[in-house]
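Working notes for the structure below.
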Amino acid sequence: MDLKAITKTARDTIKKYNRDHSQIIAILQDIQGVYNYLPKEALSVISEEMDVPLSRVYEIATFYNSFSLKPRGKHMIEICAGTACHVQGAANILDRFERELGIKRGETTQDGLFTLEEVRCLGCCSLAAVVRLDGNIYPFVKQDDIPRILKKYKKQEVK
Amino acid sequence: MVNLTIDGRHIQAEEGSTLLSAARANGIEIPTLCHHEALMPTGSCRMCVVEVSKGGRTRIVTSCIYLAEEGLQVNTKSQRVQEVRKLVLQLLMARCPESEVVREVAKEMGVNPEPRFKTSKDKGKCILCRLCVKACESIVGVSAIGLSGRGQTKKVGGPFMEAPQACIGCGSCVYICPTGHIVMEDDGKGHREIWGKTFNMAQCRTCGRYFAPLEQLSFISKATKVPLESLMVCTSCR
Amino acid sequence: MGRIRTLKDLDLAAKKGLETLFPKKTKIMVGTATSGIAAGALEVYEELKRECEKRKLDIHLSKTGSMGMDSLEPLVEVIEPGKPRLAYGKVTKDKVSPLIDQVVSGSIDGLKPAYRIDDEDDLIRQEKITYGKKIEAKLKGIPKINELPFYKKQLRIALRNCGTIDPENIYEYIARGGYYSLYRALSSMTPEQIIDEVTISGLRGRGGGGFPTGRKWLSCRKAHGDIKYVICNGDEGDPGAYMDRSLMEGDPHSIIEGMVIGAFAIGAHEGFIYVRNEYPLAVANLQKAVEQARELGLLGDDIFKSGFSFDIKIVRGAGAFVCGESTALMTSIEGKAGEPRAKYIHTVEQGIWNRPSNLNNVETWANVPVIIARGGKWFANIGAKNSTGTKVFSLVGKINNVGLVEVPMGITLKEIIYDIGGGIPEGKSFKAVQTGGPSGGCIPADLIDLPVDFDSLWEAGSMMGSGGMIVMDDRTCMVDIARYFFDFLVSESCGKCVPCREGVYQMYEILHDICHGRGKKGDIELLESMGKSIADGSLCALGGSAPNPVLSTIRYFRKEYEAHINKKKCPAGVCRALIKYSILADKCTGCGVCAKRCPVECISGERKKVHIIDQGKCIKCGTCKEVCKFDAIIVE
């Protein structure tokens, strides 16, 4: 990854928020929005430019669920683990995704195509069980639908 | 001054003082694990809980942060309080089975390990009291180490769990750690290792002893504007 | 339009809003809240736009929030001047063209409307809005909205505008009486009068705790400090609850207006709305709403020439359940890791940056403009004695009519689950309802007549929480549910204090053992005593209420725990280690679908002959049962 570009992104973002210390979370969110994860170098830039100890920036980046310090796959698969989804068999759905992709929750496939994550309630309880793929909601998912859903994305890749 | 009762004794405490300090000032012992005089209390270990009642309402509070109140009745040894302390110790024994300190406190209080609990193997002796982090931040002023993660994954260490760049090797974290989790090694030949970082030690100009990391001395020099040269003497020769 | 400074300006804005709210031409509205979008509402909207352009039709097309009845999504409403509002359910893209045909020809023979709205009460303006006086004969067979069991017992106060206005259009909000309460508060009420009114209303915090709102405001007003803050807690974290999302998406201005009124009463000039980042549409709509309010001078300096200034910042959460706890949320707003602190000094005295801070939940704020418009007494007459007003619930799980419902408090569980929710699907029996999220508990079927109010739920070992109601049938294992909530709590505990960090983890391990057939004698008692000490010893409300899901399920479903521990059986057929799938010989037709779909290929059999499952290879995922059309697969 281009170190210069990361530094520039981080600096621009910090500037956008006027170096406001209370906006560190927003700054991290914006940077993650660009790279899909938080590059280590970006945290160092925040620490230096904003005069916040690196240990504190790291604490924030690891405290909140939505931040990732590891690069993520091209497609983000999020299995809703809300109560309504659980009652409708979300655990089995997560299992099936793990089996189909050969990875565990929180991991990324070797080809860098998919990252599988479990998320806390997406608030689409009436559509349980729900899976979010690249931001699109799949409602009423059954285990048996999963191979077909994945096939669609894999096919796109071949094209 | 406020008047309150602790374990049936009438006690006067200064306004703004915590229940813990009011009790200790009067010789009433309340066990603690994460408390240190020099640092702001956080109430994280929960050993110091006490039962308070006022106006018919009884509840469990944390004595290291709860301020003394007029008319408060405090019970430091009630059944409920003992149950919480017992659980805390059993949980810490399961988390840090190697910690002699936790085991000793438990023994003193007659608490045995709960065999049903899963014991951890990867937490060392760290009970996450966070005294080291606070000392590094507010006493030393470098914030080299910090907390990361949350819940069971919460840990103390340098950023990215690597050797912390900002660490000056002063060892304050080692001295304040109540369980001896943090390891610091001086090889006697001018090197100190802590948090995976090796420091060159300064030699006392007078007695020749290796007494402090060079990095620490230059940090002090920068902060106090005292020339580094005049700091090269150990405390005993000064 | 320029800034709104006087009542006349407000009236002008309302007039402008009416032009799109009830245009002089045909209007078509699509519910594009998250639930609608997930069902395909945006494609429907685009298709409608294309179709109208293609046919050169002069139709006003608009987006709106959710009406709550999620099974009807995507929902499209057609409003023609002088005629009742007609709601069409499940309008997919392919139904758009026939729908337009119908609108053009005036028929309703093809697609049948799910309901019609002849008139409705505008709560704030206190007038009846009549859509159509004369009801054509052909419409008589279509039920009126309040004749539908789902809506019959509902009273939409907080949700008053959701599904009716375009949330991105401030003028439509104003046309529904929006910001009139603010005008009234700033121009003719003192802060004390406002607090009195809220106190009289009996409004209690809708986020779960149920603390009296008026009392909170008063404490914050009295607290020392020049700088004070008001905060809206939109970090809706309870899994299974989404009423706040719906409100933020569908009617953001009601929250903003409530906050400005509250800020004036308390003496605050800065406000924060803390929203979950998992709710991108809510964030976007709130952001837009704040900007619009600012443009019209309803936020900013000298609002309504009163001399009072106030502005709002939107803060996005970053995924931490604990940040729903007020002290953790405030720490997070300061830009730190959201760890809670003990509340011995209340946040109304020392909150954000140690300054007096008044935090209320989304739904609480949305109620405020109505209370100011109608008076505290009016509000207090709704609902139950110590739980006045209405509460929005998300009715989900094993229930026929899934969705968001707003009901007067004091209504019984039975009315919600059977009358509104239409009971349990597939002829299964009702087993329990979970309320209060991870801090709440499971209420069993025998307590079906329990009135739903703060105190009754508390006495039953659960709590109101933010309003999630997850209905469970006899195929739900209560030990598994407790384990589920503990899995949640283990990963959401901030890790600051020992009882929550270590205790909840150890309780989870025991529950995990029980679900995997490794439960031991004495586990139930150990869980109970741990639960008590964790509740006593934890630093914040998360740990303090964490044991509830276990304690309440042990209280009501002890036998199910015993079956797992002593007999190594899961009566509900959920815990994989304790169950077995098998094929009923007399029902199996040998169609082979199960064998084909089984992910581990453990089912075999000749075509048209009875199939069998290789128990050694079976992973008990249940796919076979899911795909069998003949109910030939059983689990025991």
ask   = Of C:504, C:471, which residue is under 30 Å from residue C:364 (Cβ atoms) and either in contact with a strand residue (DSSP E or B) (Cβ under 6 Å, 6 or more places away or on another chain) or among the polar types (S, T, N, Q) (or both)?
value = C:471
query = Which is at positive phi and either in a strand (DSSP E or B) or within 14 Å of another protein chain (Cβ to nearest Cβ) (or both), of C:225, C:177, C:240, C:210?
reply = C:240
In the range B:115-152, the residues that are of a type in the set (S, T, N, Q), facing chain A (nearest Cβ under 8 Å) and assigned to a helix (DSSP H, G or I) = none
request  = Please work out if residue C:107 is among the small types (Gly, Ala, Ser), in a helix (DSSP H, G or I) and either in the same structural domain as residue C:141 (by TED's automatic domain parsing) or more than 27 Å from residue C:370 (Cβ to Cβ) (or both).
outcome  = no
request  = Tell me, please, whether a residue that is at pLDDT below 95 and touching a His at 6+ places or on another chain (Cβ under 7 Å) can be found in the range A:45-61.
outcome  = no
query = Could you list, in sequence order, the residues of the range A:43-65 that are within 25 Å of residue A:113 (Cα to Cα) and facing another protein chain (nearest Cβ under 7 Å)?
reply = A:62, A:64, A:65
message = Checking the condition more than 26 Å from residue A:93 (Cα to Cα) and either touching an Asp or Glu at 6+ places or on another chain (Cβ under 6 Å) or at pLDDT 95 or above (or both), which residue from C:606, C:528, C:560, C:509 passes?
response = C:528
task = Note down all Cβ pairs under 9 Å where the first residue falls in the range C:431-445 and is within 11 Å of another protein chain (Cβ to nearest Cβ), the second is hydroxyl-bearing (Ser, Thr, Tyr) and part of a strand (DSSP E or B), and they're at least six residues apart or on different chains.
result = C:442/C:435
inquiry  = Checking the structure you have, find out if any residue of the range B:75-90 is in a loop (DSSP other than H, G, I, E, B) and away from every other protein chain (no Cβ under 13 Å).
reply    = yes
query = What are the residues in the range B:79-126 that are surrounded by fewer than 18 Cβ atoms within 10 Å (Cβ to Cβ) and among the polar types (S, T, N, Q), if any?
reply = B:79, B:82, B:112, B:119, B:120
Residue that is within 30 Å of residue C:484 (Cα to Cα) and under 16 Å from the mean Cα position of the chain (by Cα), where the choices are A:29, A:88 = A:29
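Here is a yes/no grid of residues against (1) in contact with a Ser or Thr (Cβ under 9 Å, 6 or more places away or on another chain); (2) surrounded by fewer than 16 Cβ atoms within 10 Å (Cβ to Cβ):
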| site | (1), (2) |
| --- | --- |
| A:9 | no, no |
| A:66 | no, no |
| A:72 | yes, no |
| A:79 | no, no |
| A:104 | no, yes |
task = Give me a count of the residues in the range C:211-254 that are small (Gly, Ala, Ser) and more than 30 Å from residue A:88 (Cα to Cα).
result = 5
ask   = So which helices (runs of 4 or more DSSP H) stay within the range C:1-66 end to end and still have 1 or more residues that are away from every other protein chain (no Cβ under 14 Å) and crowded, with 16+ Cβ neighbours inside 10 Å?
value = C:7-21, C:41-54
inquiry  = Given (1) farther than 17 Å from residue C:232 by Cβ; (2) modelled with pLDDT under 95, identify the lone condition not met by residue C:303.
reply    = (2)
ask   = Is it the case that some residue within the range B:50-59 is among the basic types (Lys, Arg) and either buried (at least 16 other Cβ atoms within 10 Å of the Cβ) or assigned to a loop (DSSP other than H, G, I, E, B) (or both)?
value = no
ask   = Which of the residues spanning the range C:546-557 are among the hydroxyl-bearing types (Ser, Thr, Tyr) and either crowded, with 24+ Cβ neighbours inside 10 Å or at pLDDT below 95 (or both)?
value = C:552, C:553
Filtered residues of the range A:117-130 (kept if surrounded by 24 or more Cβ atoms within 10 Å (Cβ to Cβ) and outside any loop (DSSP other than H, G, I, E, B)) = A:125, A:126, A:127
ask   = Looking only at residues in the range B:91-114 that are closer than 21 Å to residue C:510 by Cβ and small (Gly, Ala, Ser), which one is nearest to the other protein chains (Cβ to nearest Cβ)?
value = B:94
ask   = Do the conditions hold for residue B:42, that is, is it at negative phi and without any contact (Cβ under 8 Å) to a residue 40 or more places away in the chain?
value = no
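Any idea which of B:24, B:59 is more than 8 Å from chain C (Cβ to nearest Cβ), over 13 Å from the mean Cα position of the chain (by Cα), under 22 Å from residue C:541 (Cα atoms) and without any contact (Cβ under 8 Å) to a residue 12 or more places away in the chain?
B:59
Yes/no matrix, rows are residues, columns are (1) assigned by TED's automatic domain parsing to the domain that holds residue C:220; (2) out of contact with any Lys or Arg (no Cβ under 8 Å at 6 or more places or on another chain); (3) closer than 27 Å to residue A:137 by Cβ; (4) assigned to a strand (DSSP E or B):
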{"residue": "C:271", "(1), (2), (3), (4)": "yes, no, no, yes"}
{"residue": "C:278", "(1), (2), (3), (4)": "yes, no, yes, no"}
{"residue": "C:285", "(1), (2), (3), (4)": "yes, yes, yes, no"}
{"residue": "C:308", "(1), (2), (3), (4)": "yes, yes, no, no"}
message = Could you go through the range A:66-76 and let me know if any residue there is aliphatic (A, V, I, L, M), at the interface with chain B (Cβ under 8 Å from one of its Cβ atoms) and assigned to a loop (DSSP other than H, G, I, E, B).
response = yes
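The values are calculated or read from the model by the stated rules, or taken from the named source; none is laboratory data. As the structure is a computational prediction, the values presented were derived from the model and not from experiment. Neighbour counts are summed over all protein chains in view; Cβ atoms, including those assigned to glycine, are modelled from backbone coordinates with ideal geometry.
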